[in-house]
Amino acid sequence: MDMSGEEDCIFCKIVRGEIPASVVFEDEQCMAFMDIFPVGQGHCLLIPKEHHTNMLDVDLGLAAHLGRRLAELTRAVHKTFSPDGVLNVVANGPGAGQEVPHLHIHIIPRNHGADFGFRFPEGYRDSMAPRDELDRLAASIRKNIPR
Ligand code: AMP
Ligand code: ZN
């Protein structure tokens, strides 16, 4: 657990009830609330109540619990707004665009043609990656996966 800045952490403050939030649900380990700057109607965030910076330091048991809650919340958001799709987005670290350093998973309803979303660069499908390179990369990631 990353204890740095927990006192000042905006999401820890929400968990402690020190600042307002529009809570969708909570249980012992996690909480979901509406994003204060929604990119679309229904945009909400799922967080662990305990302070962890992101997926790189969260306890694996807690990650499993969040995964289940994420599936439930995504289905609830889909049922509520009937969008064309729902984005689940997690930024792990500033390089990935993470601004609030307390793990949070975005749940964002999205319709065809919306002016936001995960975008790949223009022309990225011009050439496929060579199979031997993909195999080599898969093997190097596999080495770092706990058995
Ligand atoms: P990220 O860029 O992935 O770190 O996203 C942080 C998200 O937290 C943004 O979408 C913000 O709009 C949202 N956010 C920041 N402060 C609050 C708050 N007090 N209540 C709800 N959402 C917040
Ligand atoms: Zn926190």
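Filter the stretch 33-56 down to residues that are under 11 Å from His106 (Cα atoms) and away from ligand 2 (no atom under 15 Å from the Cβ), then give me how many there are. Talk me through it step by step, then tell me what you get.
To start, the set of residues in the stretch 33-56 that are under 11 Å from His106 (Cα atoms) comprises 33-35, 38-39, 42-47.
Next, only the ones that are away from ligand 2 (no atom under 15 Å from the Cβ) stay: 34-35, 38-39, 42-44.
Going through the stretch 33-56 one residue at a time, the tally reaches 7.
Mind checking whether some residue in the stretch 125-138 is within 16 Å of ligand 1 (Cβ to nearest atom) and of a type outside the set (D, E, K, R)?
At the first step, the residues of the stretch 125-138 found to be within 16 Å of ligand 1 (Cβ to nearest atom) are none.
No, that holds for no residue.
Restricting the stretch 90-114 to residues that are outside any strand (DSSP E or B), near ligand 1 (Cβ under 8 Å from one of its atoms) and open to solvent by less than 60 Å² (accessible area, probe 1.4 Å), the residue that is farthest from Asp59 (Cα to Cα) is Gly97. The residue that is most open to solvent (accessible area, probe 1.4 Å), among those in the stretch 52-66 that are in a loop (DSSP other than H, G, I, E, B) and not β-branched (Val, Ile, Thr), is Leu56. The condition of being under 30 Å from Asp27 (Cβ atoms) and open to solvent by less than 50 Å² (accessible area, probe 1.4 Å) holds for Leu73.
Annotation note: Cβ proximity below 7 Å between a residue of the stretch 67-88 that is among the charged types (D, E, K, R) and a residue that is open to solvent by 50 Å² or more (accessible area, probe 1.4 Å) (sequence gap 6+ or interchain) occurs for Asp84/Arg110; Asp84/Asn111; Asp84/His112. Report whether or not Phe25 is farther than 21 Å from Pro94 by Cβ and buried (at least 19 other Cβ atoms within 10 Å of the Cβ). Here the answer is no, as Phe25 does not meet what is asked.
Residues that are in contact with a His (Cβ under 7 Å, 6 or more places away or on another chain), more than 11 Å from ligand 1 (Cβ to nearest atom) and without any contact (Cβ under 8 Å) to a residue 60 or more places away in the chain, at least 1 per element: which strands (runs of 3 or more DSSP E) completely within the stretch 7-51 meet that?
30-34
The values are calculated or read from the model by the stated rules, or taken from the named source; none is laboratory data. The model shown is predicted, which means the values in this text are computed figures rather than measured ones. Backbone-built Cβ (ideal geometry, glycine too); neighbour counts: all protein chains shown. Quick note on the areas: whole protein, heavy atoms, side chains included, nothing else; ligands and nucleic acids left out. Shrake-Rupley method; radii C 1.70, N 1.55, O 1.52, S 1.80 Å.
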